[in-house]
Amino acid sequence: MKSRSFANMLLTALFFAGLTSCYAQGPITAKVPFDFVAGEKTLPAGTYVFRDALPNNQTELALTDGRGHGALASASTNDLSEAGNKLVFRHYGESYFLGDIYSPAGRLHFAPGRAESKLAQTASAQQVTVVVGD
């Protein structure tokens, strides 16, 4: 009896693990025409690939440009109900900060870090959108 209940629990766990991996962000490629901050790191303008940093973890993101630049960023929220094909940056003067990534799988939101929070005390952010694939 105990082995049957263990087998049922194992099958249930595998079923839910399979569901969460279906919703993972797929790799997204976007050309970002300006320097920007992601995960507290400033990256130069370029074409970046955005992908899950760890298997079955939809909030840790790795960004790379294939030229030696990259960063890890942690999303504060993952909203599966908001899909799209764009990146949204918060813009203060000359500085751009990764705010949201919209993909067919949903939206990842990145909360302001230390540098952005400091800028936000003296300036208002404007949203700048970069369409994925352009």
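Filtering region 80-112 to residues that are more than 11 Å from the chain's Cα centre (by Cα), under 15 Å from L63 (Cβ atoms) and hydroxyl-bearing (S, T, Y) leaves only Y96. Residue check: D100 meets all listed conditions (1) modelled with pLDDT of 90 or more; (2) farther than 23 Å from S117 by Cβ; (3) in contact with a Lys or Arg (Cβ under 7 Å, 6 or more places away or on another chain) but one, namely (2). Among the conditions (1) at pLDDT 90 or above; (2) over 13 Å from I101 (Cβ atoms), the only one that S81 does not satisfy is (1). For region 45-134, no strands (runs of 3 or more DSSP E) sit wholly inside it while including 2 or more residues that are loosely packed, with under 13 Cβ neighbours inside 10 Å and without any contact (Cβ under 8 Å) to a residue 12 or more places away in the chain. So, of the residues in region 31-44 that are touching a helix residue (DSSP H, G or I) at 6+ places or on another chain (Cβ under 9 Å) and of a type outside the set (S, T, N, Q), which turns out to be surrounded by the most Cβ atoms within 10 Å (Cβ to Cβ)? The selected residue is V37.
The values are calculated or read from the model by the stated rules, or taken from the named source; none is laboratory data. Remember, predicted model here, so these are calculated numbers, not experimental data. As a convention, Cβ positions derive from the backbone with ideal geometry for all residues, glycine included, and neighbour counts pool all protein chains shown.
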